[in-house]
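The structure appears right after this line, and notes come after that.
The values are calculated or read from the model by the stated rules, or taken from the named source; none is laboratory data. This is a predicted model, so every value here is computed, not measured. Ideal geometry is used to build each Cβ from the backbone, glycine not excepted, and the neighbour counts take in all protein chains shown. Ligands, DNA and RNA are excluded from the accessible area calculation, which covers all protein heavy atoms including side chains. Shrake-Rupley method; radii C 1.70, N 1.55, O 1.52, S 1.80 Å.
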Amino acid sequence: MEAAAAPVVDTGSRGTLISGTLSGTLTLTGSPYLITGDADGVVTVPKGHVLKVMPGVILDFRGRPDVTEADVDPKSPSSVMNHQRGRVEMRVYGGIQVRGTASQPVIFTSSNPYGWWGMNFFGAGSVGDGHPYFESMVFEKVRKNDYNGPRGSTRGALWAYYLGPVTILNSVFRNNVSSAKCGALDLMFTVGSRVENSTFEYNGTLDIDRFAQPGSYAMTGGGALCVTHGRNSVVRNNVFRGNGLEAFSGFTWNRLARRPLLDWPNSQGTYDLGGGGALHYFQPDNDLIENNRFVGNFVTQGPAAAIYVEHIGTRGVTLRGNRFENNQSASGGVVVCNRGSGGVNLVLAADNTFSGNKVNGGMAPQVTGDCSVAAQ
């Protein structure tokens with residue numbers, strides 16, 4: 001069930017330089033592709049163009065490491081906002097087809113010590129040149145840490161705001177960090193997306209005063225993956241390992257203090273909340289989570305050791321054949337399902353298994369919240 005292990009990459013200085021545009025076919029002959037971005041640190045797949053990436057290709061989103069290193073506020077050298085400049089964001093307005101193999105995965109990485117800004121799609125502006133397809137891919141080292149910034153700089157190392165299906169097969173998402181939600185992948189408004197036979201490991205959401213309001217609470221979710229306003233998605237045969245959520249107050253690394261995520265219900269009446277060490281679903285509609293393994297995911301000072309589901313209608317999510325092992329949170333259960341409406345909201349089949357999960361140090365309930373739950 002686990003995707004093939006990916007090699008550690010050091011591209012050095014060899015390869016093909018790319019600045020502002022990515023299109024056409026990238027082959028092993030020109031690899032690695034050393035991507036610096038344009039003057040604004042952006043590389044684009046333009047509307048009307050299709051990027052095809054062949055087996056074994058390495059894309060190194062290195063940007064300008066010298067600029068990143070120099071981007072330090074001399075008045076606040078330990079600020080969490082340092083090291084923002086000189087990194088690369090990939091924007092997809094055209095089509096993208098990534099077709100690696102088990103023996104030759106395509107690798108999206110960065111040799112910049114401070115990572116890159118990840119890949120972003122932009123709703124209707126990214127539709128029309130073929131649906132996104134990713135197979136046998138490694139996606140790593142994204143740092144979306146523009147705290148209080150826009151979605152493209154804060155959520156989902158791969159933020160797929162896409163009005164159609166996104167397909168991800170046999171891939172690895174590892175060591176990615178966001179500052180709002182969805183450490184590795186955010187499927188937003190997608191229809192019929194598939195994420196199968198892939199591994200999500202050691203991704204996380206690190207919320208540092210994202211709202212910066214006295215008395216507010218972090219609202220962050222999905223240490224690995226979110227399905228946001230989507231429908232008919234399938235998440236099947238994947239491994240979610242060591243993903244997590246943490247929230248802090250403060251603006252300098254040496255003065256950060258842990259802060260809680262907000263539970264539902266709450267006195268503020270605030271929803272669109274935080275939780276889910278691995279997955280976060282918001283307004284799901286006929287979504288399937290099947291035959292996955294959730295192991296060692298966590299939420300610090302928040303709910304849902306593995307999966308948080310919110311604002312859910314009749315049979316919004318079905319869980320079948322999943323294994324939940326040694327996940328941890330501070331409140332709720334392994335699965336938290338809140339703000340249900342209609343008939344049965346969450347279908348929890350009898351073949352899901354739970355072992356060694358903890359909430360606040362004690363044995364974790366399987367499911368908590370105000371949704372209605374049935375076996376079928």
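Close contacts from region 152-165, counting a first residue that is farther than 10 Å from residue 121 by Cβ and a second that is among the acidic types (Asp, Glu) and outside any strand (DSSP E or B), with Cβ to Cβ under 9 Å and a gap of 6+ residues or different chains, come to 153/146; 154/146. When the residues of region 68-83 are filtered to those that are open to solvent by 50 Å² or more (accessible area, probe 1.4 Å) and within 26 Å of the chain's Cα centre (by Cα), the one that is farthest from residue 207 (Cα to Cα) is 69.
Residue-by-condition table, conditions (1) modelled with pLDDT under 90; (2) in a loop (DSSP other than H, G, I, E, B); (3) touching a Cys at 6+ places or on another chain (Cβ under 7 Å):
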site	(1), (2), (3)
247	no, no, no
263	yes, yes, no
268	yes, yes, no
277	no, yes, no
289	no, no, no
294	no, no, no
311	no, no, no
319	no, no, no
337	no, no, yes
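Identify, please: which residue in region 237-271 is of a type in the set (D, E, K, R) and touching a Leu at 6+ places or on another chain (Cβ under 8 Å) and is, among those, nearest to residue 293 (Cα to Cα)? Checked region 237-271; the qualifying residue nearest to residue 293 (Cα to Cα) is 246. For region 342-370, the set of residues classified as within 17 Å of residue 288 (Cα to Cα) and either buried (at least 20 other Cβ atoms within 10 Å of the Cβ) or charged (D, E, K, R) (or both) consists of 345, 346, 348, 351, 352, 367, listed by residue number. In region 349-376, the residues that are small (Gly, Ala, Ser) form Cβ pairs under 6 Å with partners that are assigned to a strand (DSSP E or B) and open to solvent by 70 Å² or more (accessible area, probe 1.4 Å), at six or more places apart or across chains, as follows: 349/320; 364/358.
Quick check on residue 234: is it surrounded by fewer than 21 Cβ atoms within 10 Å (Cβ to Cβ), among the β-branched types (Val, Ile, Thr) and at pLDDT 95 or above? In short, yes. Looking only at region 51-109, count every residue that is under 20 Å from residue 22 (Cβ atoms) and assigned to a loop (DSSP other than H, G, I, E, B) and tell me the total. Of the residues in that region, 16 qualify.
Considering only region 30-47, how many residues are in contact with a strand residue (DSSP E or B) (Cβ under 9 Å, 6 or more places away or on another chain) and either open to solvent by 50 Å² or more (accessible area, probe 1.4 Å) or outside any strand (DSSP E or B) (or both)? So that I can check it myself, show each step before the final result.
Here is the first cut: in region 30-47, the residues in contact with a strand residue (DSSP E or B) (Cβ under 9 Å, 6 or more places away or on another chain) are 30-38, 40-46.
Applying the additional criterion that residues be either open to solvent by 50 Å² or more (accessible area, probe 1.4 Å) or outside any strand (DSSP E or B) (or both) yields 30-32, 36-38, 40-41, 46.
Of the residues in region 30-47, 9 are in contact with a strand residue (DSSP E or B) (Cβ under 9 Å, 6 or more places away or on another chain) and either open to solvent by 50 Å² or more (accessible area, probe 1.4 Å) or outside any strand (DSSP E or B) (or both).
Within the bounds of region 164-185, is there any residue that is modelled with pLDDT under 95, hydrophobic (A, V, I, L, M, F, W, C), surrounded by 19 or more Cβ atoms within 10 Å (Cβ to Cβ) and in a loop (DSSP other than H, G, I, E, B)? Yes: one or more hits.
Being under 20 Å from residue 336 (Cβ atoms) and open to solvent by 20 Å² or more (accessible area, probe 1.4 Å) is a property that holds for residue 265.
Which is more than 20 Å from residue 354 (Cβ to Cβ) and touching a Ser or Thr at 6+ places or on another chain (Cβ under 9 Å), of 299, 239, 234?
On the way: 299 fails: more than 20 Å from residue 354 (Cβ to Cβ); 239 fails: more than 20 Å from residue 354 (Cβ to Cβ).
One residue alone meets the criteria, 234.
Taking residue 78 as the residue in question, decide whether it is among the small types (Gly, Ala, Ser) and either in contact with a strand residue (DSSP E or B) (Cβ under 8 Å, 6 or more places away or on another chain) or within 30 Å of residue 210 (Cβ to Cβ) (or both).
yes
Taken together, the residues in region 249-260 that are surrounded by fewer than 18 Cβ atoms within 10 Å (Cβ to Cβ) and either of a type in the set (Val, Ile, Thr) or in a loop (DSSP other than H, G, I, E, B) (or both) amount to 4. For region 85-110, give me each residue that is over 22 Å from residue 191 (Cβ atoms) and crowded, with 20+ Cβ neighbours inside 10 Å. Scanning region 85-110 gives 86, 87, 88, 89, 90, 100, 105, 106, 107, 108, 109, 110. Of all the criteria given as (1) open to solvent by 40 Å² or more (accessible area, probe 1.4 Å); (2) touching a helix residue (DSSP H, G or I) at 6+ places or on another chain (Cβ under 8 Å); (3) under 17 Å from residue 205 (Cβ atoms), the one not satisfied by residue 114 is (3).
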